[in-house]
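Read the structure below first, then the notes.
The values are calculated or read from the model by the stated rules, or taken from the named source; none is laboratory data. Just so we're clear, the structure is a prediction, and the values are computed from it rather than from any experiment. Methodologically, a virtual Cβ is constructed for each residue, glycine included, from the backbone with ideal geometry; neighbour enumeration extends over all protein chains shown. With ligands, DNA and RNA removed, areas are computed over all heavy atoms of the protein, side chains included. Shrake-Rupley method; radii C 1.70, N 1.55, O 1.52, S 1.80 Å.
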Amino acid sequence: MDAHLNDIYDAVIRRNPGEPEFHQAVESLFGSLAVALGRHPEYADDALVERMCEPERQIIFRVPWADDSGRIHVNRGYRVQFSSVLGPYKGGLRFHPSVNLGIIKFLGFEQIYKNALTGLPIGGGKGGSDFDPKGRSDREVMRFCQSFMTELQRHIGEHTDVPAGDIGVGQREIGYLFGQYMRLKNAHESGVITGKGISWGGSLVRKEATGYGVAYFVSNVLESAGDSLDGKRVVVSGSGNVAIYAIEKVQQQGGIVVACSDSSGYIVTEKGIDVPLLKDIKERRRARIHTYADESGSATFVRDGSVWDVDCDVALPCATQNELDHTAAETLARNGCTIVAEGANMPVTPAGVRTLRQAGVKFGPGKAANAGGVATSALEMQQNASRDSWHFDYTDQRLESIMSDIFQRCRDTAETYGAPDDYVLGANIAGFTTVADAMCALGVV
Ligand code: NDP
Ligand code: 2IT
């Protein structure tokens, strides 16, 4: 980081105390910017970078709701509308007890540059709540979502801000949220939220898109070296939306996923994951990952262990931030892993990234590797705006080609700066320059 960026970073820390994940996301972008500012001094003017670090708007609200016994609970809701220069704010909602303003700001900040990389007209935002859906009945989740939307509806709209899912928010929650929006607005404004069910305005492939996109990104990395996923041993963390569909696509492309996890531990199987069984356990029954070992007859459950201890060629962290640290990175490299791609947002710690790169492991940052989800959300918005619905294969081809374009952009940009395999540099600079050019054109906003 150069002196100018260092001063801005110090101010970010001062102005946003107690938000380490947000600081980390800013630092990781800044790590690539010195060379870009060197070539484009105009980006260092007019407090452009300082403005990028300040959300356009931050909304925090009370979410009261009644549990099944009638007891009242209070959670905190957030929506950080970070940047609207490329399009309406776009980004998911996360329901998890660890959610706080700093987490939502880190996610919103990442989202700006990720969305820019898709080449689609979407700005960056993120929201959520410290509500914990685990162990809650459908009715409790519904009442929570209705209360959350009762406030959020004032701030969103198909041309202003378009939420979607993230951790703890899948199609069930999107349904309850959209249902309440519809009642309050007296309008079936389907473009206000994405990740909807197919019969009520959703897009085919959106559910699969983030995970499939991660697999497409990894295929692009391998193909650029004349290789493919065929026969590769792959380890995936998590067993939620992103993980399940990353596993499905990796295996469709001939890879063998030998382990996946949840917050209780991991399962390992030499036979590869039985995806229909995993979907039944996780999507339908919402059960814990040990159930897979109990029922598959071919997997072992390791309680509280690190999934990164399982040796593999490719590792895909698809659970949460900072889940793959320096020690895990060392273990992966020692065991022969050659590619790590981030399905989750910021799952690899800064020390983990350094260790992987020093060991020559190719690294796909989340901004690029997991952009397929939000890109397909933008395709859902296109379908809603034109009152159309596209076929699965067509939408999947669009996703595949968007992922390939993102890979090429990262590679080409990195090459321009003399480091073709540095996808972090490529993703950061390509995302940043797109947003910076728009900000320069729009005046001081
Ligand atoms: P889900 O809620 O569907 O799944 C999350 C998975 O990660 C679960 O297996 C969960 O285990 C595990 N997990 C979550 N938090 C923790 C934690 N603190 N410690 C250990 N394990 C944890 O979420 P998604 O699959 O949608 O999201 C996963 C990641 O991908 C997130 O980082 C998200 O921001 C990112 N992402 C999501 C996109 C999407 O379209 N959904 C798009 C791009 C990125 P458990 O059930 O035990 O908590
Ligand atoms: O982190 C992400 O990109 C998402 N959770 C998806 C956002 C979206 O609007 O589809």
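In debye, nearest 20, what is the charge dipole magnitude of the range 125-175 about its Cα centre with +1 on Lys and Arg Cβ and -1 on Asp and Glu Cβ, if you could check?
The dipole magnitude comes to about 140 debye.
Specify the residue with the greatest mean-square fluctuation among VAL221, VAL99, VAL80, computed from a Gaussian network of the chain linking alpha-carbon atoms under 10 Å apart.
With Cα springs under 10 Å in the chain, the top fluctuation among VAL221, VAL99, VAL80 is at VAL99.
Suppose every Lys and Arg Cβ carries +1 and every Asp and Glu Cβ carries -1, with no other charges. What dipole size does the chain come out with about its Cα centre, to the nearest 20 debye?
1320 debye
Step through the table entries LYS134/LYS185; LYS232/LYS362; LYS134/LYS279; LYS114/LYS196, compare each Cα-Cα distance with 19 Å, and write down the pairs that go over it.
LYS134/LYS185; LYS114/LYS196
Considering only LEU278, HIS73, MET346, whose Cα is most displaced toward the positive end of the charge dipole of the chain, charges sitting on Cβ of Lys, Arg (+1) and Asp, Glu (-1)?
HIS73
Just for the chain, what percent of DSSP beta bridges are antiparallel, to the closest 5?
55 percent
Using only the alpha-carbon atoms of the range 75-170 as identical scatterers, what base-10 log of I(q)/I(0) does the Debye formula give at q = 0.19 Å⁻¹?
Rounded to two decimals, the profile gives -0.84.
What does the extension gain come out to for ALA359 and THR160, with contour length at 0.36 nm per residue minus their alpha carbon separation?
Full extension of this stretch gives 67.3 nm more.
Can you tell me how much longer the chain between ARG387 and ASN186 gets when fully stretched, taken as 0.36 nm per residue apart minus their C-alpha distance, in nm with one decimal?
Taking 0.36 nm per residue and subtracting the Cα distance, the gain is 70.5 nm.
Which whole-Hz couplings ³J(HN,Hα) result when phi for each residue of the range 177-191 is put into the Karplus expression 6.51 cos²θ - 1.76 cosθ + 1.60, θ = phi - 60°, listed in order with x for Gly and Pro?
Per-residue couplings from phi come out as 5, 5, x, 5, 4, 4, 5, 5, 9, 6, 7, 8, 8, 5, x Hz.
Gain in length, ALA3 to SER69, computed as 0.36 nm per residue apart minus the alpha-carbon separation, to one decimal in nm?
18.0 nm
On the first, second and third principal axes, largest extent first, how far apart are the outermost C-alpha atoms of the range 29-99 in Å?
Over the range 29-99, Cα extents along the principal axes are 62, 22, 18 Å.
How do 251-259, 276-284 rank on mean C-beta neighbours within 10 Å, highest first?
So the peptides 251-259, 276-284, ranked by packing, come out 251-259, 276-284.
Divide, for the chain, the radius of gyration over alpha carbons by 2.2 N^0.38 Å, where N is the residue count.
Ratio of Rg to 2.2 N^0.38 Å for the chain: 0.93.
Under a point-charge model restricted to the Cβ atoms of Lys and Arg (+1) and Asp and Glu (-1), what is the dipole moment magnitude of the range 49-111 relative to its Cα centre, in debye to the nearest 20?
My answer is approximately 100 debye.
Compute from the Cα atoms of the range 202-241 the Rg and the Dmax, the latter being the longest Cα-Cα distance, and quote both in angstrom.
Considering the range 202-241 through its Cα atoms, Rg and Dmax are 12.2, 37 Å.
Just the number, please: Stokes-Einstein D of the range 252-380 in µm²/s, Kirkwood Rh from C-alpha pairs, 10 °C, 1.306 mPa s.
Answer from the Stokes-Einstein relation: 103 µm²/s.
Which ³J(HN,Hα) values, rounded to whole Hz and listed in residue order, are derived for the range 244-261 from phi using the Karplus coefficients 6.51, -1.76 and 1.60 in 6.51 cos²θ - 1.76 cosθ + 1.60 with θ = phi - 60°, glycine and proline given as x?
Couplings: 4, 7, 5, 4, 4, 6, 4, 6, 4, 9, x, x, 10, 8, 9, 7, 8, 8 Hz.
Quick check for you: with a 1.4 Å probe and neighbouring chains kept, what is the accessible area per residue of the chain, in Å²?
39 Å²
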